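Written out below as structure tokens is the structure these notes cover.
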Amino acid sequence: MARKIEPDCRQCRREGRKLFLKGERCTTKKCAMERRPVNPGQHGASRKRVTEYGLQLREKQKVKRMYGILEKQFRKYYEEAVRTKGVTGENMLSLIERRLDNVVYRMGIGASRAECRQIVNHGQIQVNGKTVSIASYIVKPGDVISIKENKRDLEMFKALKGMKLVTPKWVEFDTETLSGKILANPQREDIDSDIKEQLIVEFYSR
């Protein structure tokens, strides 16, 4: 099974922006982008001319790394978005946003997508009352996401009790019942505005 082995902070430096791969650490002065905001490697600080292809590639890599998705799966999302009625780039982002690990992250259950992926993989999340341990599971409006009953005594979940979490408008999460709901499909304005999805579409449609 393929897996990502490159250090998280190195990925942020390569893309030239914070991808928030390490949760709270990314908001402190310990963040690599605060200490050394240049490309990794011996010649990272040198300026290089970026071609149109380079811009498209970097945008694709940035989004892949942000969501923790490998190339084969990321391309499948693009291909499914092409087959879906509407704007391809927006369809693709909406599909990726509805991954279960990302939904758990958006609900504020974990500090990073990587942590939320682990929570899902360990079978600690239920969808409509059934345990789902597949991080790439795609949720739909009306789905109820909850923390498994026998896992709620874990310290990380007990700490959520009574907290006021900020969530996107397309999801809700109650910290008292430790359950939430998908209210609607995410729209483009609900997703990171720094993403230039048209460059990704151009990259794959070459």
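Nothing in this text is a laboratory measurement; each read-out follows from the coordinates by a stated rule. Bear in mind that the values here come from a model prediction, so they are computed numbers and not experimental data.
Details
- Counting only residues at least eight positions apart within a chain, or on another chain, the aspartates and glutamates with an alpha carbon under 17 Å from that of K130 are D101, D143, E149.
- Length released on extending from T51 to R206, taking residue separation times 0.36 nm less the Cα-Cα span: 54.3 nm
- Cα gyration tensor category, rounded, prolate or oblate, for region 70-206 with a/c compared to 1.5: prolate
- Cross-linked pairs K169/K196; K148/K169; K76/K158; K60/K181; K64/K169; K151/K181: Cα-Cα separations exceed 27 Å for K76/K158; K60/K181.
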